[in-house]
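Dropping a structure here in structure tokens format, bear with me for questions.
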Amino acid sequence: MIETAVIPVAGFGTRMLPISKSIPKELIPLLDKPVIQYVVEEAIAAGIKKIVFVNHAQKTSIENYFDTNAELEAQLEAKGKTALLEAINPFPVDIHFTSVRQAKGQGLGHAVLCAKPVVGSDDFAVLLPDVVINPFKSSLEADNLAAMVKLFNDTAASQILVEAVADKDVSKYGIADIDGELTAGASTSVKGFVEKPDLVDAPSNLAIVGRYVFDNQIFGLLEQVKPDKSGEIQLTDAIDALISQKPVEVHSMVGKSHDNGNKLTYVQTFIEFAKAHPDYKDLV
């Protein structure tokens, strides 16, 4: 059963400079809470009980955000500010947060591998914090990860979320190689992935979104992946190796993803979330 999620947060967020110079991009507000909270809440809604942040020494404020602030809580309680007290403690008591360090920026595959000592022998999910799903839309859109977890629990097939992208954007993503077409909400076996292909070489227009559910064997395969020319360990290389040994499927997302990794798409996401939020939609 999938109850552990790994969330890599060690990157410097250079596309969000200058604000990310002192504020982790994951803590930048999206409406009334930071971006990372949406990702954590998505994981919890999918049945996750253990959140593992793969962090950097300069971004401990992320760990602090999910820790208890006893002094603040005592003041809010003494002043009878119940709503605010609940707002800073939104997570169930059985949710456990922990953190490991990624000492060097050696790519997404390396970040996931850094979590191995904490994850242990468990199968697990991976959520990339740059990607958020609008929780104010339909439940099906909000529950893409939950559907993937259920599929893994039922079939033992690792799941990778994909989304159809425009032709002009194909070269920006890892693209899935599958037989036939895939409707939203459906899963199918995948033959492999092509990293950032030219459009003419792309096997499809289905791009990896940033949500994965993995068999634990992915750790051993990541340990065998050789760094690329830039010194990074690519997660897609380990996935391709996993495909040859275990069942792996792509799951076509319902709705659409929202990239908060750069300024333009962050602003677009902020506006779209505000239009869907029950407290703000009449003000936008």
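The values are calculated or read from the model by the stated rules, or taken from the named source; none is laboratory data. Quantities reported herein were computed from a predicted structural model and do not represent experimental measurements. Every residue, glycine as well, gets a Cβ built from its backbone with ideal geometry; the counts of neighbours run over all protein chains shown. Note: accessible area is taken over every heavy atom of the protein model, side chains too, but ligands, DNA and RNA are not part of it. Shrake-Rupley method; radii C 1.70, N 1.55, O 1.52, S 1.80 Å.
Return only the number of the condition from (1) open to solvent by 10 Å² or more (accessible area, probe 1.4 Å); (2) under 17 Å from Asp237 (Cα atoms); (3) in contact with a strand residue (DSSP E or B) (Cβ under 6 Å, 6 or more places away or on another chain) that Leu128 does not satisfy.
It is condition (2) that Leu128 fails.
Being under 22 Å from the mean Cα position of the chain (by Cα), within 20 Å of Lys104 (Cβ to Cβ) and either basic (Lys, Arg) or open to solvent by less than 50 Å² (accessible area, probe 1.4 Å) (or both): is that true of Leu235 here? Give the steps one after another, and end with the answer.
Working: under 22 Å from the mean Cα position of the chain (by Cα): yes; within 20 Å of Lys104 (Cβ to Cβ): yes; either basic (Lys, Arg) or open to solvent by less than 50 Å² (accessible area, probe 1.4 Å) (or both): yes.
Taking the combined requirement at face value, the residue satisfies it.
From Leu161, Leu206, Leu151, Leu242, grab the single residue that is farther than 25 Å from Arg15 by Cα and open to solvent by less than 40 Å² (accessible area, probe 1.4 Å).
On inspection, the qualifying residue turns out to be Leu242.
To continue, here is another question. Tally up the residues in region 155-183 that are assigned to a strand (DSSP E or B) and among the small types (Gly, Ala, Ser), please.
4
To continue, here is another question. Among the acidic types (Asp, Glu), in contact with a strand residue (DSSP E or B) (Cβ under 9 Å, 6 or more places away or on another chain) and open to solvent by 70 Å² or more (accessible area, probe 1.4 Å), is that true of Glu71?
Numbers: among the acidic types (Asp, Glu): yes; in contact with a strand residue (DSSP E or B) (Cβ under 9 Å, 6 or more places away or on another chain): no; open to solvent by 70 Å² or more (accessible area, probe 1.4 Å): yes.
Spelling it out, it is not the case that Glu71 is among the acidic types (Asp, Glu), in contact with a strand residue (DSSP E or B) (Cβ under 9 Å, 6 or more places away or on another chain) and open to solvent by 70 Å² or more (accessible area, probe 1.4 Å).
Taking the criterion of being surrounded by fewer than 17 Cβ atoms within 10 Å (Cβ to Cβ) and assigned to a helix (DSSP H, G or I), would at least one residue in region 21-28 satisfy it?
Step one: filter region 21-28 for residues surrounded by fewer than 17 Cβ atoms within 10 Å (Cβ to Cβ), giving 21-23.
Applying the additional criterion that residues be assigned to a helix (DSSP H, G or I) yields 21.
Taking every residue of region 21-28 in turn, at least one turns out to be surrounded by fewer than 17 Cβ atoms within 10 Å (Cβ to Cβ) and assigned to a helix (DSSP H, G or I).
Starting from residues that are of a type in the set (A, V, I, L, M, F, W, C) and assigned to a loop (DSSP other than H, G, I, E, B), keep the ones in region 245-284 and report whichever is most open to solvent (accessible area, probe 1.4 Å).
Leu283
Among the residues of region 131-147, write down those that are buried (at least 23 other Cβ atoms within 10 Å of the Cβ) and either under 19 Å from Val248 (Cα atoms) or aromatic (Phe, Trp, Tyr) (or both).
Asn144, Leu145
Return a yes/no flag: does region 49-57 have any residue that is surrounded by fewer than 17 Cβ atoms within 10 Å (Cβ to Cβ), modelled with pLDDT of 95 or more and outside any helix (DSSP H, G or I).
yes
Okay, next question. Residues in region 209-221: is at least one touching a residue at least 60 places away in the same chain (Cβ under 8 Å), open to solvent by less than 60 Å² (accessible area, probe 1.4 Å) and on the phi > 0 side of the Ramachandran plot?
Scanning region 209-221 turns up at least one residue that is touching a residue at least 60 places away in the same chain (Cβ under 8 Å), open to solvent by less than 60 Å² (accessible area, probe 1.4 Å) and on the phi > 0 side of the Ramachandran plot.
When region 186-203 is examined, which residues are found to be open to solvent by less than 40 Å² (accessible area, probe 1.4 Å) and not in a strand (DSSP E or B)?
Once the filter is applied, which keeps residues that are open to solvent by less than 40 Å² (accessible area, probe 1.4 Å) and not in a strand (DSSP E or B), region 186-203 yields Ala186, Val190, Pro197, Ala202.
Hey, can you tell me all the residues within region 59-68 that are surrounded by 14 or more Cβ atoms within 10 Å (Cβ to Cβ) and assigned to a loop (DSSP other than H, G, I, E, B)?
Phe66 - this is the single residue of region 59-68 that is surrounded by 14 or more Cβ atoms within 10 Å (Cβ to Cβ) and assigned to a loop (DSSP other than H, G, I, E, B).
Based on this model, can you work out whether Asn55 counts as of a type outside the set (A, V, I, L, M) and under 21 Å from Val119 (Cα atoms)?
On the way: of a type outside the set (A, V, I, L, M): yes; under 21 Å from Val119 (Cα atoms): yes.
In short, yes.
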